[in-house]
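Student: Structure below; questions to follow.
The values are calculated or read from the model by the stated rules, or taken from the named source; none is laboratory data. Given the structure is predicted, the values throughout are model-derived calculations rather than measurements. Reconstructed Cβ throughout: ideal geometry from the backbone, glycine too, with neighbour counts over all protein chains shown. Accessible surface areas use protein heavy atoms only, side chains included; no ligands, DNA or RNA. Shrake-Rupley method; radii C 1.70, N 1.55, O 1.52, S 1.80 Å.
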Amino acid sequence: MSLQLALSAALSGLRATQQQAALVSHNITNATTAGFVRKDLAVSTAISGGRGQGVRVDGVLRSVDEFLIRDARFEQSRYTAQETRASALADYATALGQPQNERSVSTALSKLQQSFSQLRNQADNEAARTAVVDSAESLVRRLHDTAAAAITVQNDAKARLQSSVDEVNRSLVRIGELNSAIATQKAKGAETGDLMDERDRLLDQVSSEIGIRTHTRESGEVVVMTRNGQTLLDRELPMGSQPLQLVGGDLVAGGKIISDNPDQDIQSGRIMGYVQTAHQDMPRALAQLDELAAGIVQQFQAAEADPTQPGLFTDAGAAYGTTEGLASRIAVNGSVRSNPWMVQSGVQAGAPLASGDTTQIDRFLNAFSATRSFAAADLPSSATLGDYATGMVSTQQGYRTTAESEMKTRKISADALQSARLNRDGVNVDDEMQKLLLIEQSYGASAQVLQAAGRMLDTLLQIRN
């Protein structure tokens with residue numbers, strides 16, 4: 001080997017180790033940066049004329065497992081969907097209470113029945129009559145409060161849905177900008193690893209909000225679609241673009257409404273959780289409450305002399321009108337508040353019944369024991385008021401426990417895949433420190449070659465002189 005070749009090889013080795021040291025330091029510095037992928041320097045032997053010429057740097061390697069990333073995003077997206085829904089159901093369930101809780105509708109209804117039973121044993125007792133009125137008003141308040149809680153949760157989900165849609169749109173615009181930058185850098189042969197890390201972080205965020213599929217073109221640009229195939233990004237988007245839109249409460253992507261059937265058209269992500277809460281869970285809860293309110297109004301109206309006129313419970317002061325929204329409109333007949341004797345004689349009675357007459361009280365009690373038809377999802381089509389109320393509270397609490405159980409299952413799966421992704425693509429500081437030791441040794445070896453070549457040159461010059 002000539003001295004010139006030795007010097008050239010040593011210098012190439014020093015340059016390569018310098019770049020390796022810089023890259024390892026970059027890895028260590030970003031070890032805790034979310035979404036950062038470990039980078040490695042690709043080197044090979046430089047050969048010219050069949051002879052080794054030192055070390056050649058081929059580029060920076062960013063090796064990731066696309067299948068693992070896809071699975072990790074999908075499971076995380078399914079977890080965030082279930083977490084969002086479980087949280088909303090928990091908020092509503094807190095206001096609803098358990099069947100045996102004081103604050104539950106079923107307990108309030110049971111107390112009203114008990115008040116009527118006590119009044120039957122002391123029909124002329126003014127305090128017993130007032131207790132019935134108080135129990136009726138308590139039941140109405142519980143229906144109002146429970147319906148208001150459902151509406152609050154529903155409105156909160158709609159507001160959060162808008163925020164989530166805005167976040168996705170902002171991320172997609174930025175991903176489009178990164179697509180262009182990556183394609184440009186790749187065409188120049190420049191390093192794109194950090195740009196791809198930023199893009200992957202944004203894709204992770206988008207997938208947490210809504211389930212997505214991605215496809216990477218030869219140019220390095222990524223195409224983003226919903227899981228059912230609606231395109232969200234296939235080119236750079238102008239600032240302020242809205243690939244996802246809320247139109248009249250409906251979520252639209254690619255000109256198609258995707259909120260009507262979230263299980264198929266959205267499938268995962270917080271947006272799915274918000275859509276299910278706003279368009280499925282809370283409307284179902286309100287419909288079940290409205291059915292109970294309708295049953296109460298109609299049963300007590302039927303217990304009066306004229307079943308077409310307002311009874312003890314009214315639809316905002318009138319006779320029963322429509323079921324939808326009735327849990328928020330139901331009211332105790334205003335006449336009863338000023339004339340408590342009506343709970344013994346009937347709301348439509350012109351005067352109090354004789355002391356001890358329990359005829360009307362028995363008719364009111366029959367309103368509790370009679371079986372009637374209901375038309376609410378997931379609940380019996382035929383039941384007494386008490387059984388329906390208890391079943392409704394239990395069923396709605398069941399929605400919460402089922403959602404929380406599924407959320408925990410999704411979290412275990414998401415955490416496992418995220419850990420696998422981090423272990424494969426993330427930075428292990430101990431490994432990087434070991435690499436620095438090897439780099440130091442390599443640097444020292446190249447430096448030794450330079451020193452040896454220098455001494456040989458000095459010796460040759462001395463001999464010549």
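Student: Which of the residues belonging to region 150-164 are of a type in the set (A, V, I, L, M, F, W, C) and either out of contact with any helix residue (DSSP H, G or I) (no Cβ under 7 Å at 6 or more places or on another chain) or open to solvent by 10 Å² or more (accessible area, probe 1.4 Å) (or both)?
Tutor: Restricting attention to region 150-164, the residues satisfying the condition of being of a type in the set (A, V, I, L, M, F, W, C) are 150-151, 153, 157, 159, 161.
Across region 150-164, the qualifying residues are 151, 153, 159.
Student: Go through region 31-68 and count every residue that is at pLDDT 80 or above and polar (S, T, N, Q).
Tutor: Within region 31-68, residues that are at pLDDT 80 or above and polar (S, T, N, Q) number 3.
Student: Keeping to region 112-147, report how many residues are in contact with a Ser or Thr (Cβ under 7 Å, 6 or more places away or on another chain) and farther than 21 Å from residue 335 by Cα.
Tutor: Final tally of qualifying residues: 1.
Student: Conditions first: (1) buried (at least 16 other Cβ atoms within 10 Å of the Cβ); (2) within 30 Å of residue 61 (Cα to Cα); (3) modelled with pLDDT of 95 or more. Residue 411 passes all but one, so which condition is the exception?
Tutor: Condition not satisfied by residue 411: (2).
Student: Scan region 323-337 residue by residue and report those that are under 26 Å from residue 349 (Cα atoms), hydrophobic (A, V, I, L, M, F, W, C) and in contact (Cβ under 8 Å) with a residue 40 or more places away in the chain.
Tutor: Our first condition is that a residue be under 26 Å from residue 349 (Cα atoms); within region 323-337, this holds for 326, 329-337.
Next, only the ones that are hydrophobic (A, V, I, L, M, F, W, C) stay: 326, 330-332, 336.
Listed by number, the residues that qualify are 330, 331, 332, 336.
Student: Report, by residue number, each residue of region 144-202 that is acidic (Asp, Glu) and within 22 Å of the chain's Cα centre (by Cα). Spell out the reasoning first.
Tutor: Taking region 144-202 first, the residues acidic (Asp, Glu) are 145, 156, 166-167, 177, 191, 194, 197-198, 200.
Of everything in region 144-202, those that are acidic (Asp, Glu) and within 22 Å of the chain's Cα centre (by Cα) turn out to be 156, 166, 167, 200.
Here is a yes/no grid of residues against (1) more than 30 Å from residue 133 (Cβ to Cβ); (2) of a type in the set (A, V, I, L, M); (3) touching a Ser or Thr at 6+ places or on another chain (Cβ under 6 Å):
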| position | (1), (2), (3) |
| --- | --- |
| 232 | yes, yes, no |
| 241 | yes, no, no |
| 249 | yes, no, no |
| 275 | yes, yes, yes |
| 284 | yes, no, no |
| 293 | no, yes, no |
| 300 | no, no, no |
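Student: Now, a different point. Of all the residues that make up region 244-298, how many are among the basic types (Lys, Arg) and in contact (Cβ under 8 Å) with a residue 60 or more places away in the chain?
Tutor: Let us first name the residues in region 244-298 that are among the basic types (Lys, Arg), namely 256, 270, 284.
In the following step, the residues that additionally are in contact (Cβ under 8 Å) with a residue 60 or more places away in the chain were identified as 270, 284.
Count: 2.
Student: Take the residues of region 92-128 that are assigned to a helix (DSSP H, G or I) and among the charged types (D, E, K, R): which is nearest to residue 403 (Cα to Cα)? Let's see the steps before the verdict.
Tutor: Let us first name the residues in region 92-128 that are assigned to a helix (DSSP H, G or I), namely 92-96, 105-121, 126-128.
From what's left, among the charged types (D, E, K, R): 111, 120, 126.
Details: 111: 31, 120: 44, 126: 48 Å.
Selected residue: 111.
Student: Of everything in region 358-388 that's surrounded by fewer than 18 Cβ atoms within 10 Å (Cβ to Cβ) and out of contact with any Ser or Thr (no Cβ under 8 Å at 6 or more places or on another chain), which residue is nearest to residue 312 (Cα to Cα)?
Tutor: Checked region 358-388; the qualifying residue nearest to residue 312 (Cα to Cα) is 363.
Student: In region 313-328, how many residues are of a type outside the set (Ser, Thr, Tyr) and surrounded by 21 or more Cβ atoms within 10 Å (Cβ to Cβ)? Lay out the reasoning, then the answer.
Tutor: So the first thing to find is which residues in region 313-328 are of a type outside the set (Ser, Thr, Tyr), and the list is 313, 315-319, 321, 324-327.
In the following step, the residues that additionally are surrounded by 21 or more Cβ atoms within 10 Å (Cβ to Cβ) were identified as 313, 315, 326-327.
So the count comes out to 4.
Student: Can I ask one more? Look at region 355-402 and say how many of its residues are more than 19 Å from residue 113 (Cβ to Cβ), in a helix (DSSP H, G or I) and free of Cβ contacts under 8 Å to residues at least 12 places away in the same chain.
Tutor: Adding up the residues that qualify gives 3.
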